[in-house]
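Any read-out appearing in this document is the output of simple, stated calculations on the displayed coordinates, not a laboratory observation. Predicted model, so just to flag it, every value in this text is computed and none were measured. With ideal geometry, Cβ positions are generated from the backbone for all residues, glycine too; neighbour counts draw on all protein chains shown.
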Amino acid sequence: MKWTNDRSGNVEDRRGSGGGGGLMVGGGLGTLIIAAIVFFLGGDPSAILSSGGNAGPQTEQRDLTKDELQVKEFVSMVTAETEKTWGKIFQENGMQYDPPKVVMFESVTQSGCGTAQAAMGPFYCPADQTVYMDMSFFQELQQRFGAKVTEFSIAYVMAHEIGHHVQTLLGTTQKVDQLRASGRYSEADMNRVSVATELQADFYAGVWAKQTDNREHILEPGDIESAISAAEAVGDDNIQKRSQGYVNQEGFTHGSSAQRRDWFMKGYNTGDIRQGDTFNALLK
Ligand SMILES: [Zn+2]
């Protein structure tokens, strides 16, 4: 994917504010105190110092590694590109696009939807209209799910989360919440609603890719394939196989690898937001 450096989106760097940094400082001090006690009692402090808890005091905001800095800059650029593209699509349909906030964090932070943890992966919180993304996710995507992580696969993940923001602006999120709150539907039914919601976010990611490329020619050979690879890697069947060893379709909440690939591609091939009625397609 080609970089367009003329603009960067607003990404909040919230590393070190979740309490993890404080804990590390405490650990460092504890180690020093133990070392002092052992020293006075005549033991060998180096035995304790090297046996754990020796991460040492950490500053609240460490410097990002080269890779992390690139991910952050890239996320910022993609955020700007989603603002431009969705701004245009909304305008063409007589609506106004209010961009979400994007927060990058490390380990843990507070969100409008409760505590955000790195293990949860990136997510969108409708309550505060914010995308939360932990710095380590893309490494995780590669190591745990076997996706080939490229710049464009990062763009796909961002575009999917922004797709949930679009659903909130269009009132889809609220309708799904009403269905859930009504209590009239079984867990299996609500799982199917959840799959339709996720596949629509994939569809919107495809629409975004197409319309952004039409305008700025950002795509390079292999980009769409890497987005598909990321979409397939985070399919429920792939995640279930890797985590529990078998596939249980009733437990799907995001859709299979094939569904995620197909809806992303439908968005990309049509570039038309009206073609993304995953609810009718799945719930008939
Ligand atoms: Zn999602």
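For E225 and S136, FRET efficiency with R0 = 22 Å and r from the beta-carbon atoms, rounded to 0.05? Before the final figure, lay out each step's value.
Numbers: r = 24 Å, r/R0 = 1.10.
The formula returns an efficiency of 0.35 here.
Multiplying the residue separation of K66 and A188 by 0.36 nm and subtracting their alpha-carbon distance yields 39.5 nm.
Shown in residue order for segment 209-222 are the 3J(HN,Hα) couplings computed by the Karplus curve 6.51 cos²θ - 1.76 cosθ + 1.60 at θ = phi - 60°: 4, 5, 5, 5, 5, 4, 7, 10, 6, 8, 7, 10, x, x Hz (x for Gly and Pro).
Work out, step by step, the length gained on full extension between Q143 and Q91: first 0.36 nm times the residue separation, then minus their alpha carbon distance; give nm to one decimal.
On the way: separation 52, 0.36 × 52 = 18.72 nm, distance 4.01 nm.
Difference between extended and current length: 14.7 nm.
Per-residue 3J(HN,Hα) values for segment 72-80, derived from phi via the Karplus relation 6.51 cos²θ - 1.76 cosθ + 1.60 with θ = phi - 60°, read 5, 5, 5, 4, 5, 5, 5, 4, 4 Hz in sequence order (x marks Gly and Pro). Between the amide H of V102 and those of E12, V131, distances stay under 5 Å, these residues lying 5 or more places away or on another chain, with hydrogens modeled in the peptide plane. Within a straight-line Cα-Cα reach of under 20 Å, K101 can be paired with the following lysines, leaving aside sequence neighbours fewer than 8 residues apart in one chain: K72, K84, K88. On the basis of the beta-carbon distance and an R0 of 22 Å, H217 and T253 show a calculated FRET efficiency of 0.05.
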